[in-house]
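> Below is one structure. I have some questions about it.
The values are calculated or read from the model by the stated rules, or taken from the named source; none is laboratory data. Keep in mind that what you see is a predicted model, and the values were worked out from it rather than measured. Positions of Cβ are generated from backbone atoms using ideal geometry, with glycine treated the same way; all protein chains shown enter the neighbour counts. All accessible areas refer to the heavy atoms of the entire protein, side chains included, with ligands and DNA or RNA removed. Shrake-Rupley method; radii C 1.70, N 1.55, O 1.52, S 1.80 Å.
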Amino acid sequence: MVKLTPDLINNCIQRINPIRDRELNLRGCFSDTLQFICIIYICVLAGLKIPMIENLGATLNQFDTIDFSDNDIRKLDNFPLLPRLKNIILNNNRVVRISPTLHEVIPSLESLVLTNNMLQDLGEIDNLSKLQHLTHLTLLFSPVSTKEFFRQYVIFRLPQLKVLDFKKITMKERDEAKAFFKSKRGKEIRKEIATNRSTDEEFVEDDDEEATSVSNGIALKSSHKAVRRGQLLAENTSEVNEKIKEAIRNATSLEEIERLNQVLKSGQIPQFMTGSTTITETLATAAGGEVEEMEDN
């Protein structure tokens, strides 16, 4: 994982986007400063991404839009007071929780993009209800969007919303949602959603976690393999980084770099890092689907 530090924030791309908003680009941790390029490239190849939102006070409230796409963020929280911030883009993350206090720290939020995340509970939508300026919300390709009554519930709970999943909300939809959730059946569904809301805020930062649902929330645990993988990487970070740099320098084609990318993303140690073979031989093996896995001590 890559810690979102003030230095990283200050050295990432800042621009005026096509709608004339000042935007901070934290998409996949990319930076436009020369000294950061090699480090960031290694992070991307190794699947190392921002795991949580932090240190945004370093932005000094100078941005209208922040793009967190293609990271590994689990919770939409930990914002400092950013009254200027109007748009948050979180495509391709792993968001499962939304803070109930967002309205206190980002009161001007107008657009929230959560396409392709892991949000599952309709109850989490309630935490957006106090964002009075929120008019655009996107939850496409997230588990919650497949829930029964999803669109009706979001429309009912967020009356300020104008566009949901890139589709304009009609007055007819508003009236139908309001009528349904005030009916006996609708009240039962609302009660069920409230009962099933997750309350446990502990999440494990690893791809191999196993989720166990319990009545008062969600408990997440990592498999032994995932924990061991993190230990190995932590113990050998400098050595691994140097060998990745060397591998990038010695790559003779984009195809080799892409294969290295796939090997690292799989959480496996390429054989050339153990000294048992060359990078060319390792990547040729990876193409056939055979790579050396990490072994537990």
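> Given N residues in the range 109-198, what is its alpha carbon radius of gyration divided by 2.2 N^0.38 Å?
1.01
> Treat each spin label as a single point 7 Å out from the Cα along the C-beta direction, and report the Gln14 to Met118 distance in nm.
3.3 nm
> Suppose R0 equals 35 Å; then what is the FRET efficiency for Ile248 and Glu148 from their Cβ-Cβ distance, rounded to the nearest 0.05?
0.15
> Sticking with this one: Of all beta bridges DSSP finds with both residues in the range 6-198, what is the antiparallel percent, to the nearest 5?
Percentage antiparallel, nearest 5: 30.
> Something else about it: As a quick test, which of the pairs Lys147/Lys182; Lys168/Lys191; Lys86/Lys168; Lys75/Lys245; Lys147/Lys168 have an alpha carbon distance above 21 angstrom in this structure?
Beyond 21 Å between Cα atoms: Lys168/Lys191; Lys75/Lys245.
> Using the Cα atoms as the points, what is the convex hull volume per residue of the range 38-152 in Å³?
In the range 38-152, the Cα hull volume divided by residue count equals 97 Å³.
> Shifting gears a bit: Between the range 47-95 and the range 134-164, what is the separation of their alpha carbon centroids in Å?
21 Å
> Further question on the same structure: Per residue of the range 136-151, in order, report the coupling 6.51 cos²θ - 1.76 cosθ + 1.60 (Karplus, θ = phi - 60°) as ³J(HN,Hα) in whole Hz, putting x for Gly and Pro.
Ordered by residue, 3J(HN,Hα) equals 10, 9, 10, 10, 4, 6, 10, x, 4, 6, 9, 5, 5, 6, 4, 5 Hz.
> Determine the dipole magnitude for the range 6-198: charges of +1 sit on the beta-carbon of Lys and Arg, -1 on that of Asp and Glu, nothing else is charged, the reference point is the Cα centre, and the result goes in debye to the nearest 20.
900 debye
> Here's another thing I want to ask about it. Give me the one-decimal nm value for the distance between modelled label points at Ile257 and Lys168, 7 Å along each residue's Cα-to-Cβ direction.
It works out to 4.4 nm between the two label points.
> A follow-up question, please. Please list, short to long, the whole-number percent of alpha-carbon pairs of the range 6-198 in consecutive 10 angstrom bins beginning at zero.
9, 34, 34, 16, 6, 1, 0
> Using a 1.4 Å probe, how large is the accessible area of Arg190, given in Å² and rounded to the nearest 10?
Counting only protein heavy atoms, the figure is 90 Å².
> Any chance you could run the full-extension gain for Asp21 through Thr195? It's 0.36 nm times the residue separation minus the Cα-Cα distance, nm to one decimal. Don't skip to the answer; put the middle values down first.
Working: separation 174, 0.36 × 174 = 62.64 nm, distance 3.99 nm.
Gain in length upon complete extension: 58.6 nm.
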